[in-house]
Ligand SMILES: Nc1ncnc2c1ncn2[C@@H]1O[C@H](COP(=O)(O)OP(=O)(O)OP(=O)(O)O)[C@@H](O)[C@H]1O
Ligand SMILES: [Mg+2]
C-alpha cells in the first residue's frame with residue numbers, strides 16, 4: 001500500500017533522509033521511531049506529497065506521488081504533528097468539507113457527521129468555529145475526518161500528542177480497526193509503549209538512516225537483547241545508553 005524506494009532528502013549539506021526503502025502492506029501498522037531530528041516528519045511529509053524528495057520514489061495505493069499526486073493523495077489520510085484545520089470553519093463544516101472533498105455520499109455524511117462529533121465528545125462544539133478549539137479538540141476533529149473517509153493509507157505523525165487518556169484510547173482503537181479493515185498505517189511515535197502494543201513492524205531511524213527494521217522479535221534478535229522491552233532496545237540501537245550513564249553525574 002505504501003512503497004518507498006531509494007528516498008533521499010537533502011537540505012543544503014544536511015541529509016535528512018538517507019536512502020530509505022520500505023513497504024507497508026494493507027492491514028499493517030508500521031511504527032516509525034527515532035530520536036528528535038532523525039528525519040521522521042520529513043519522511044511523513046514526503047509520503048504525503050507535501051515535500052518533494054531529492055531522489056527516490058513514493059507509491060501510495062498503486063499511484064506514484066510524483067506523477068499522479070491527485071490520485072495518490074485521494075487514497076491517503078494524514079494526521080500531522082500540528083493539526084491544521086481552517087479556523088473559520090465550524091467543526092461540522094470541516095467534516096462536511098472533508099466529506100465533499102473525498103466523495104463521501106451525502107446520505108452517509110448526514111448520518112455520520114453528528115455521530116462522529118458525538119463520539120469524539122465535540123457534539124456541543126460542532127457549531128463553533130475551529131479557531132476556538134483547543135489543540136486536542138482540533139486533533140480529534142482531524143481524526144473524525146479520517147474515520148469519515150476511511151482512507152486506504154493512513155500516515156500519522158505523533159497522533160497521540162495532546163490527547164487526553166480517553167481520546168488516546170479511542171485513537172488507538174480507530175487505528176487498529178481501520179488496519180483490520182485493510183488500511184495500511186504508517187505511524188511516527190515517541191511513545192514506545194504504543195509502538196510495542198499497536199505496531200506489527202517497527203523501523204528505527206537515526207540521522208536520516210534506517211538502522212533497524214522488523215517485528216519486535218526480529219529487533220530483539222538484532223540487538224541480541226532477548227526478552228528486553230522496546231525502551232532498552234531503542235536505547236541500545238540509538239546509542240542512548242551512553243547518555244544514561246552521564247545522568248549519574250546529575
Ligand atoms: N525545511 C527544512 N529546512 C532545513 N532543514 C530541515 C527542514 N525540515 C527539517 N529539517 C532538518 O531535517 C532534520 C530532520 O527533521 P525532522 O523534522 O524530520 O525530524 P523528526 O525525526 O521528525 O524529529 P522530532 O522527533 O523532533 O519530531 C533535522 O535536522 C531538521 O533540522
Ligand atoms: Mg517530527
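Quick notes on this structure:
- Among the residues of segment 19-29, those identified as away from ligand 2 (no atom under 16 Å from the Cβ) and on the phi < 0 side of the Ramachandran plot are 21, 22, 23, 24, 25, 26, 28, 29.
- Count - residues of segment 170-185 that are surrounded by 12 or more Cβ atoms within 10 Å (Cβ to Cβ) and either within 13 Å of residue 27 (Cβ to Cβ) or more than 12 Å from the chain's Cα centre (by Cα) (or both): 11
- Scanning segment 153-171 for residues that are modelled with pLDDT of 95 or more and away from ligand 1 (no atom under 16 Å from the Cβ) yields a count of 2.
- Residue within segment 50-71 that is within 16 Å of ligand 2 (Cβ to nearest atom) and under 13 Å from residue 152 (Cα atoms) present: no
- Note on segment 1-111: enclosed strands (runs of 3 or more DSSP E) holding 3 or more residues that are within 16 Å of ligand 1 (Cβ to nearest atom) and within 26 Å of residue 176 (Cα to Cα) are 29-33.
- Any hit, segment 190-200, residues being within 14 Å of the chain's Cα centre (by Cα), more than 16 Å from ligand 1 (Cβ to nearest atom) and outside any loop (DSSP other than H, G, I, E, B): yes
- Among residues of segment 201-234, those that are under 14 Å from residue 38 (Cβ atoms) and assigned to a helix (DSSP H, G or I), counted: 1
- Which listed residue is under 21 Å from residue 76 (Cβ atoms) and either assigned by TED's automatic domain parsing to the domain that holds residue 48 or part of a loop (DSSP other than H, G, I, E, B) (or both), from 148, 163, 117: 148
- Whether a residue is surrounded by fewer than 16 Cβ atoms within 10 Å (Cβ to Cβ) and without any contact (Cβ under 8 Å) to a residue 24 or more places away in the chain was assessed, and residue 93 does not pass this test.
The values are calculated or read from the model by the stated rules, or taken from the named source; none is laboratory data. Quick caveat, the model's predicted, so the values are computed rather than measured. Glycine gets a Cβ as well: all are built from the backbone with ideal geometry, and neighbour counts include every protein chain shown.
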